[in-house]
1. Given the criterion modelled with pLDDT of 95 or more, more than 18 Å from the chain's Cα centre (by Cα) and not charged (D, E, K, R), identify the matching residue among G421, G467, G494.
2. With the requirement that a residue be part of a helix (DSSP H, G or I), out of contact with any Lys or Arg (no Cβ under 6 Å at 6 or more places or on another chain) and within 12 Å of A440 (Cα to Cα), what does the range 259-269 give you?
3. Hey, among E434, E387, E454, E412, which residue is among the acidic types (D, E), open to solvent by 10 Å² or more (accessible area, probe 1.4 Å) and at pLDDT 90 or above?
4. State the number of residues belonging to the range 393-407 that are touching a residue at least 60 places away in the same chain (Cβ under 8 Å) and either open to solvent by 50 Å² or more (accessible area, probe 1.4 Å) or among the β-branched types (V, I, T) (or both).
5. Being within 23 Å of V571 (Cβ to Cβ) and buried (at least 19 other Cβ atoms within 10 Å of the Cβ) narrows it down to one of L305, L245, L257, so name that one.
6. Looking at (1) assigned to a helix (DSSP H, G or I); (2) in contact with a Cys (Cβ under 8 Å, 6 or more places away or on another chain), find the lone condition where I34 falls short.
7. Looking only at the range 18-39, how many residues end up being polar (S, T, N, Q), modelled with pLDDT under 90 and open to solvent by less than 30 Å² (accessible area, probe 1.4 Å)?
8. Taking the range 531-559 as the region of interest, how many residues are open to solvent by less than 50 Å² (accessible area, probe 1.4 Å) and either among the small types (G, A, S) or modelled with pLDDT of 90 or more (or both)?
Amino acid sequence: MTHHILEVDSLIKSFGHKHLLTDIYLKCSTGEVIGILGRNGTGKSTLLQIIFGSTDAESKSIRINGKFLEKAFSDGDKIAYLPQGNFLPNGLSVSSVIRTYFDEENSRNSVIANTRIKPILHKKISALSGGEKRYLQLLLILNLPTAFALLDEPFSQVEPLYRADIKALIDIHKKEKGIIITDHDYLNLMDVSDKTFLLTGGALKPILETKQLIEYNYLPPEKSEKEAEADDKNFLIDKQTSKDLGLAINYDEESLLSLFEKPASKGGKAYLEKLFDNPTRSKILLQNRQESIKFFQQNDGLLRLDRKQLDFITVYLESGIAVNSSQYSSLSIYLKNKYRTSNNFYIQETGMQHVFEFLKEALQLATKIQDLNPNWYLSNLAYQIQEQINSSNLRDFMDSYGQKPLYLHFSEFDFMLRSKGKEQLLWLLERFYEFDAYNAVAQTSKKLKFAFPEFEKTQSSLIEIEGLFHPKLANAVGNDFTISAKENMCFLTGANMSGKSTFLKAFGLAIYLAHLGFPVPAVKMKTSIFDGLFTTINLSDNINHGLSHFYSEVKRVKEVTREIKNDKNLVVIFDELFRGTNVNDASTASSMIISAIAQQPGSVYIISSHIMEIAQELEKQKNIFFKCFDVRVVNDEAIYTYKLVDGVSKDSLGLHLVIKEQILELLQEKKATS
């Protein structure tokens, strides 16, 4: 057997101003399988076509055994090429194709004798499954008497059973030729290849182990055991927390959701609401959301949606109009509606037109996203969009619509979309709604000057915030705050109206938004990923259950304590513990409960109080630190700085406010006039 060497270098290929391939060197020898990975649009297929000679390049040097090749396909014994799409005539049987393909009897008999081919010899190509068809194509190419074979996505859209057979086939034929493979199925490609490369940035990068694919952003980061566990568990909040922070899914003035611009489409609005209602503790999911929002913020104007188009497609796909694929049905429907269009016909005809335009726009958007080199998650979604559209049903529709007469193929097209391709179209719509939701969050956070939080890598509880502000307040004052596992409880004091409750709400909102993967109202934030958030800020009595305000507080503290004791890593906020009872009981109960809670590790706590006197007792615990809001009285006027400072507040402005409002004077005036 003759040993051959294929070498490719000095290869440059551009499309317009975009350089697709710029620094390629590739060598393949007889008995060797070279695997090439790469995202859609990186130039894998183009590279194979240039080697084969069916596509030109600005510069190239392609040699076999040192002899330069200009058009390899013109010399039949040099290189064979398996394209991505089907190249076999659908109307011929398998046996007819084999006889047409091979003049030489031994090669023909070898293919016919293949155990996978024997049972399907008399089937037409159009009747074969995806795996059967791809296996036959590969078998034909590999049995050609060439020194090298180029295989473009041999595993694509093939059942798992056939993938194993395809690998076995490659192993057999590599003994007599060199083989170059491209594919997205990195596991099977790396398994069958002697050398693997990743095509990225116009160059081939050697890949020795899977973790390099993660480093090059081709694969997502590997999940730790804790992250994998967190994928199936939501970030915990309860009704009281939702009420305190305005987390209800509505657009009332008090709700957090009303801050965000509404997405352009109905589906986008629904997707945003779904995101908003699903905080998570999965770091990978949070980073995917965060990077996607950041991408649309950086690429303002990339997403252009036609709301009417998307809404009409949904109506069309979900319509209950009967589906019939026959040509006779097409002609009958067309003739019936020639002079007087029925509502059903209008929905079908307009729906098909909208789907055709939508699919073109989806492909364009996917290409643009990949060209902008996004994070792995968005890049993968763009690839999946291309894969879904290039699948047989939707691709057949795109290739035929506008080319074949509608009056003969009306029912066929309708069947392709509302029967065969419905699930794919609904998935594509959902991706556009997802992009629409991310875009709305991106534009809102840019306008409000929110920052993207950084997630702490260690297991210890940590929250560091710079310039935290309440997003509902105009000209809000920013505050810096840090809480950690070492000092995990903050005792917060301050006079009335000094900003305690506003700060606590802003802090809670930042924690919640961070666990949505959204930007937060701060200049900068670094946080651990927590298991949940529990707040008690606007607690009221419960008349229906006969509960006083104080007893409601006691029950609430008990509820939160149960969650703390379940080994959860929580953020806990209490505003004014035990305000519903007398000062003595409130002081004693606050000191007891705060001291006991402070002994629970893992979680972090902020507890505000007007009872400054208990601070001295709490100072004995090393993990409790003290913050207060500074208030000054100048010329009998209270000056609120809304700035957080170290220590315990000494201010007592309650009596000052009563005197300032002249309530006693009003009462005495009424008494004097009576």
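1. Every option except G467 fails the conditions.
2. Within the range 259-269, L259, G268 meet the criteria.
3. Within the list E434, E387, E454, E412, the selection yields E454.
4. The qualifying residues number 1.
5. On inspection, the qualifying residue turns out to be L245.
6. Result: I34 passes all but (1).
7. Qualifying residue count, the range 18-39: 0.
8. The total comes to 8.
The values are calculated or read from the model by the stated rules, or taken from the named source; none is laboratory data. Treat the numbers as computed from the prediction; the structure is a model and nothing was measured. Reconstructed Cβ throughout: ideal geometry from the backbone, glycine too, with neighbour counts over all protein chains shown. Heads up: the accessible areas ignore ligands, DNA and RNA and are worked out on the full protein's heavy atoms, side chains in. Shrake-Rupley method; radii C 1.70, N 1.55, O 1.52, S 1.80 Å.
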